[in-house]
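Read through the structure below, which is laid out as structure tokens, and then see the notes.
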Amino acid sequence: MDRLFAALGGISAFLAVGAGAFGAHALRTRLTSELLVAFETGVRYQMYHALGLLAVAWAATRWPVPAVRAAGWLFVAGTAVFSGSLYLLAFTGVRGWGAVTPLGGLALLAGWLALVIGVWKG
């Protein structure tokens, strides 16, 4: 499980760097400033949680308990929903995607809480 979360963290970080570069170079003139901020927020949180996945991978080697694994999956799902909804909002301009974003945020918060619980109890 530790290798899986390390690989997912690395892939997510790779994609975040690519998305950030794409946003800085290709989207700066194509999106409104408001939509560009939403896109950049998605990139930033994707990178934070890619690093969080690397922390989960390390924690899973030290404390292989269910809460640590749950943290990893919550980071994966939360990133997909949080950052994904912001990317969709930026590309489509459909404001409804912004209503989905908090669900991803809740998953990310739950992931951090699960990681703390796993480390504490592990």
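Could you give me the residue pairs with C-beta distances under 8 Å whose first residue belongs to the range 1-29 and is under 30 Å from A70 (Cβ atoms), whose second residue is at pLDDT below 95 and among the β-branched types (V, I, T) wherever it lies, and which are 6+ apart or on separate chains?
none
Can you tell me which condition F91 does not meet? The list is (1) over 21 Å from M1 (Cβ atoms); (2) touching a residue at least 60 places away in the same chain (Cβ under 8 Å), and all the others hold.
(2)
Assuming A60 fulfils every condition listed in (1) open to solvent by 20 Å² or more (accessible area, probe 1.4 Å); (2) more than 16 Å from the chain's Cα centre (by Cα) apart from one, which condition is it?
The single condition A60 does not satisfy is (1).
Output the qualifying pairs, or none if there are none: Cβ atoms under 7 angstrom, residues six or more apart or on different chains, first residue in the range 65-78 and charged (D, E, K, R), second residue part of a helix (DSSP H, G or I).
R69/A60
Which condition number does A77 fail, the rest of (1) surrounded by 19 or more Cβ atoms within 10 Å (Cβ to Cβ); (2) under 14 Å from A114 (Cβ atoms) being met?
(1)
How many of the residues making up the range 1-54 are open to solvent by 80 Å² or more (accessible area, probe 1.4 Å), under 30 Å from L113 (Cα atoms) and of a type in the set (V, I, T)?
Selection size over the range 1-54: 3.
Report whether or not G118 is closer than 22 Å to A6 by Cβ and surrounded by 21 or more Cβ atoms within 10 Å (Cβ to Cβ).
Yes.
The values are calculated or read from the model by the stated rules, or taken from the named source; none is laboratory data. Keep in mind that what you see is a predicted model, and the values were worked out from it rather than measured. Glycine gets a Cβ as well: all are built from the backbone with ideal geometry, and neighbour counts include every protein chain shown. SASA here: full protein model, heavy atoms, side chains in, ligands and nucleic acids out. Shrake-Rupley method; radii C 1.70, N 1.55, O 1.52, S 1.80 Å.
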